[in-house]
1. Quick check on my filter: what residues within segment A:54-63 are within 15 Å of B:Ala39 (Cβ to Cβ) and in a helix (DSSP H, G or I)?
2. Within the set of pairs 6 or more residues apart or between chains, which connect a residue that is closer than 24 Å to B:Leu149 by Cβ inside segment A:1-18 to a residue that is exposed (fewer than 15 other Cβ atoms within 10 Å of the Cβ) and of a type outside the set (Lys, Arg) with Cβ atoms less than 7 Å apart?
3. Of all residues being among the β-branched types (Val, Ile, Thr) and assigned to a helix (DSSP H, G or I) in segment A:22-46, which is surrounded by the most Cβ atoms within 10 Å (Cβ to Cβ)? Just the residue, please.
4. Go through segment B:29-41 residue by residue and tally those that are of a type outside the set (D, E, K, R) and either in contact with a His (Cβ under 6 Å, 6 or more places away or on another chain) or facing chain A (nearest Cβ under 10 Å) (or both).
5. Of all residues in segment B:42-69, which are within 9 Å of chain A (Cβ to nearest Cβ), part of a helix (DSSP H, G or I) and not hydrophobic (A, V, I, L, M, F, W, C)?
6. Just checking, which of B:Lys153, B:Lys161, B:Lys74 is part of a helix (DSSP H, G or I), more than 10 Å from chain A (Cβ to nearest Cβ) and modelled with pLDDT of 85 or more?
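The values are calculated or read from the model by the stated rules, or taken from the named source; none is laboratory data. Predicted model, so just to flag it, every value in this text is computed and none were measured. Ideal geometry is used to build each Cβ from the backbone, glycine not excepted, and the neighbour counts take in all protein chains shown.
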Amino acid sequence: MPYNLEILLDEKSFEQLNSSERQFVLNQISKEEYMAQYVILQDAKTIFAAESIQLKPRLATQANLLTALQQKKKSPKIFAIFQHKTPTWVTVAACIAIVFLLKNGPFQSAETKQPLFVSNQVDTVYIEKFIPIEKAATLDSTITPAIETEKSIQKAAPKTEIKPKLDPSNITYYSDAMMNAEMENYTSIINMATQPRGVSLANDSISQQINRTIY
Amino acid sequence: MKRLQKNGDEAAFNEIYLRYSQRLLYFMFKMLGQDEAKAQDFLQDVFLKIIAEPDKFNTAKNFKTWIFTVAANKCKNDYRVIKPSHVDLHPEIVSETENADKLIDQELFKTNLSQYLNELIPVYKEVFVLRYHEGLSLNEIAIIVACPLGTVKSRLFSATKILSEKLDHFKQNYYAI
């Protein structure tokens, strides 16, 4: 029958062992060793029991603990979210998942999206030729001969076109320097002798405008 | 514990406290080199942890082993900070034991045993106290100290053997009584 030396030492002295138990014990350790260990264990138990009776928990401890328990019950449960400890591997996994989603998920911007290539080889090439069809410009118009009546002749405003007569003697020649409006100290050289008619330059509207822009 | 987890039930907490406070206090008192003040502080810390994070306990498991695991881990953290030196034989004890032949009585044996128990290295003391004071099974101790069952058995045997060797001079006079 299998025995356990540790259990035997805990429960029985050498004298209390039966013959088979003694045989088992003597195969392991000597009688003196068994007796010594048995006495030590029994005395140790006695010492432990005597010491533990003398030792009492502080009276304040229980009161402090009950206060802590009451405070915990009163504290709002929302704080439990912040107080809850998350294992490190969960935090790391969450970070990896966020990075993965940002790179490959629906939040990716259109610019960074890679085009999807189904195949690199092209088997058949279809060329579409666009033939522009030009519509012939047809103008349907009916020309009805206008009958000139006296009224229509009267209503129509008389158009008079006044064409200046080009007289070589009437042309004013301006030097390049004069044409350059940005030039300073410009002096107009006009041969007044060749201009027998018209308003003077001082009263001329165009020359007045030129003078205003220059000066 | 389920009631405490669900509603923060004070009655449930009081029941747990009355059932385990004394046992935990003594266990930590022994593990902390018989420093009662520190053991009292640690006891409060252990129960505060139960209040603050009751969900850490898996109700499918044994509460007794869980609460002792919390206490044992707290003591282990303290060793890491302090790292006390463990001397096999204290000089004063040697001088006492030299005269043991003349002062043979049960009280001296127990005094020496108590001192030698305190001098055990923490891993031996831990399993020894849990086994012979708390009366926990070897499997329960294995869960608490997070070791295989064989390691627990080995540590218990080694602890008993060390004590036996140190108290060897009592063999002729005391063990025969």
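1. A:Gln54, A:Ala60, A:Thr61 - these are the residues of segment A:54-63 that are within 15 Å of B:Ala39 (Cβ to Cβ) and in a helix (DSSP H, G or I).
2. A:Met1/A:Ser20; A:Leu5/A:Gln28
3. Taking segment A:22-46 as the starting set, the residues that turn out to be among the β-branched types (Val, Ile, Thr) are A:25, A:29, A:39-40, A:46.
Checking which are assigned to a helix (DSSP H, G or I) leaves us with A:25, A:39-40, A:46.
Numbers: A:Val25: 20, A:Val39: 22, A:Ile40: 26, A:Thr46: 14.
Going through the qualifying residues, I end up with A:Ile40.
4. 5
5. Within segment B:42-69, just B:Gln44 meets the criteria.
6. B:Lys74 is the lone residue from the list that is part of a helix (DSSP H, G or I), more than 10 Å from chain A (Cβ to nearest Cβ) and modelled with pLDDT of 85 or more.
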